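Input: one structure, supplied below.
The values are calculated or read from the model by the stated rules, or taken from the named source; none is laboratory data. The structure displayed is predicted, hence computed values, not measured ones. Cβ: placed from backbone, ideal geometry, glycine included. Neighbour counts: every protein chain shown. Quick note on the areas: whole protein, heavy atoms, side chains included, nothing else; ligands and nucleic acids left out. Shrake-Rupley method; radii C 1.70, N 1.55, O 1.52, S 1.80 Å.
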Amino acid sequence: MIPIAKPLIDENEKSRVMEVLDSGMITLGETVREFEKAFANYTGADYSIATSSGTSALHVAMAAAGIGPGDRVLTTPFSFIATANTILYCGGTPVFCDVNGDDFNLNPRSIRKALDEYDNVKAVLIVHIFGQPCDMDEIMEIVDEYGLVLIEDCAQAHGARYKDKHVGTFGLAGTFSFYPTKNMTTAEGGMVITQSEEFFKRLKRIREHGMSKAGAYDYTMLGYNYRMTNIEAAIGLAQLEKLDGFNRKRAENARYYDKNLSDIDWLSIPVVRENRVHCYHQYTLKVQQRDAFAEHLAQNGVGYKVFYPALIPDTHIYRKMGYDGSRYPIARSLTREVISIPVHPGVTVEDREKIVEVIRNFKPLPGEK
Ligand SMILES: *Cc1c(COP(=O)(O)O)cnc(C)c1O
């Protein structure tokens, strides 16, 4: 089976981890700070702090932005559940907006509609889904017009750029995940980047129980233990050096699929909107008869995954809170059509040839959708 994701770890990661283990300084310390600096440098951000996961990165960013009870936060229903959950962690209220049917990202017109409809909107939490940047010009215009806080969930978008500017540097904060399936990994881990020194100081405090100064045991705000370890940072430093190479491989695989699948009338390949660098966290097709197609892939040794089979507002927990995914018809219809195929840097030339051949052999039943 050609897997849908595969972390690529070699001697580089191993020797750096061994160095940290031998040093005896295994949790947050110099290696984490080195990784933070390298990541800020890579994205062009002024400040960065590493955290224990992509979810905790989002949570500290939302908390540091002051999201609390009574605050509404606009976000996408078509994402991993962590995105909206971090609004709930802070006591805020997620308000979902519909997405674009072609690039799966938040639709700026739906954001405007929600702003007309709801009071007390404090922030917009966007997700650069599957590695393609959102419509940043339109979104920045709205954020400026309404004086909103913008947070970018870049968990799937390491290295993605809009008009040559890295995602995560448009808003007050950009957050990343280093889970093993992402474009780079630290096993578990996350990062927040920002251009604001004051915001950076708040992030740092909240990451360590709200402590005013390291070792001071004086707590000025509610915080958590969201530290990254030196062990994880050691993996991250090795992975960051390879990120551009990984992303180049992903783009090559994507170009190959684009070229060899675009003529098929029962599927559509992912669009790449202008002015952006898509980092292909996923290569996501829209297909008719998705379930039969998925079955065909599995039977022929091609791994796949449906991101996402249900909208966040259609999950059990959100339905109990009164949400209903039928209010987002475009996003809802995507959940029945999308399927992601292996595009990661571990996919070889032979793998991708086989994947195209298997896909082209699928025969949809006539007349069925
Ligand atoms: C992976 C992911 C997260 C959460 O990251 P973890 O490191 O798994 O906590 C958040 N948002 C999106 C869009 C993701 O893909």
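Given (1) surrounded by fewer than 19 Cβ atoms within 10 Å (Cβ to Cβ); (2) touching a strand residue (DSSP E or B) at 6+ places or on another chain (Cβ under 9 Å), identify the lone condition not met by E357.
So E357 meets the others, but not (2).
For the list (1) among the hydrophobic types (A, V, I, L, M, F, W, C); (2) under 20 Å from Y257 (Cα atoms); (3) not in a loop (DSSP other than H, G, I, E, B), I need the number of the one condition that V347 fails.
Unmet for V347, out of (1) among the hydrophobic types (A, V, I, L, M, F, W, C); (2) under 20 Å from Y257 (Cα atoms); (3) not in a loop (DSSP other than H, G, I, E, B): (3).
In addition: Just give me the residues in the stretch 189-211 being away from the ligand (no atom under 16 Å from the Cβ) and either basic (K, R) or in a strand (DSSP E or B) (or both), in sequence order.
T194, K201, R202, K204, R205, E208, M211
Tally time: how many residues in the stretch 52-80 are more than 11 Å from the ligand (Cβ to nearest atom), small (G, A, S) and under 25 Å from F178 (Cβ atoms)?
Looking only at that region, the number is 4.
Residues checked against (1) aliphatic (A, V, I, L, M); (2) over 17 Å from P342 (Cβ atoms); (3) touching a Cys at 6+ places or on another chain (Cβ under 8 Å):
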residue: C279; (1), (2), (3): no, no, no
residue: Q282; (1), (2), (3): no, no, no
residue: Q288; (1), (2), (3): no, yes, no
residue: F307; (1), (2), (3): no, no, no
residue: A310; (1), (2), (3): yes, yes, no
residue: H316; (1), (2), (3): no, yes, no
residue: R319; (1), (2), (3): no, yes, no
residue: Y323; (1), (2), (3): no, yes, no
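Report those helices (runs of 4 or more DSSP H) wholly inside the stretch 275-342 carrying at least 1 residues which are more than 26 Å from L74 (Cβ to Cβ) and either open to solvent by less than 10 Å² (accessible area, probe 1.4 Å) or basic (K, R) (or both).
290-299
Which residue is nearest to the ligand (Cβ to nearest atom), if the candidates are limited to the stretch 116-138 and must be open to solvent by less than 30 Å² (accessible area, probe 1.4 Å) and more than 18 Å from A84 (Cβ to Cβ)?
This residue is G131.
Also: Of the residues K204, K249, K213, K242, only one is over 22 Å from A160 (Cβ atoms), within 22 Å of the chain's Cα centre (by Cα) and surrounded by fewer than 21 Cβ atoms within 10 Å (Cβ to Cβ); which?
K204
Output yes when any residue across the stretch 181-188 is more than 16 Å from the ligand (Cβ to nearest atom) and buried (at least 24 other Cβ atoms within 10 Å of the Cβ), and no when none is.
The answer is no, given that none of the residues of the stretch 181-188 is more than 16 Å from the ligand (Cβ to nearest atom) and buried (at least 24 other Cβ atoms within 10 Å of the Cβ).
Could we say that P342 is in contact with a strand residue (DSSP E or B) (Cβ under 9 Å, 6 or more places away or on another chain), under 15 Å from Y283 (Cα atoms) and touching a residue at least 24 places away in the same chain (Cβ under 8 Å) here?
yes
Kindly evaluate T175 against the criterion of being of a type in the set (S, T, N, Q), outside any loop (DSSP other than H, G, I, E, B) and within 17 Å of the chain's Cα centre (by Cα).
Yes: the conditions hold for T175.
Can you pull out the residues in the stretch 91-103 that are open to solvent by 50 Å² or more (accessible area, probe 1.4 Å) and within 20 Å of the chain's Cα centre (by Cα)?
Selection gives D102 alone.
Then there is this: What residue, of T27, T83, T43, T31, is in contact (Cβ under 8 Å) with a residue 60 or more places away in the chain and within 16 Å of the ligand (Cβ to nearest atom)?
The conditions single out T83.
Still on this structure, I have one more. State all residues of the stretch 156-180 that are at positive phi and open to solvent by 10 Å² or more (accessible area, probe 1.4 Å); if no residue qualifies, say none.
Matches in the stretch 156-180: K163, D164.
Can you work out which of the residues in the stretch 338-369 that are among the small types (G, A, S) and within 28 Å of the chain's Cα centre (by Cα) is farthest from M1 (Cα to Cα)?
It comes out as S340.
So which of L88, L106 is closer than 20 Å to G174 by Cα, within 16 Å of the ligand (Cβ to nearest atom), surrounded by fewer than 19 Cβ atoms within 10 Å (Cβ to Cβ) and of a type in the set (A, V, I, L, M)?
Being closer than 20 Å to G174 by Cα, within 16 Å of the ligand (Cβ to nearest atom), surrounded by fewer than 19 Cβ atoms within 10 Å (Cβ to Cβ) and of a type in the set (A, V, I, L, M) holds for just one of L88, L106, which is L88.
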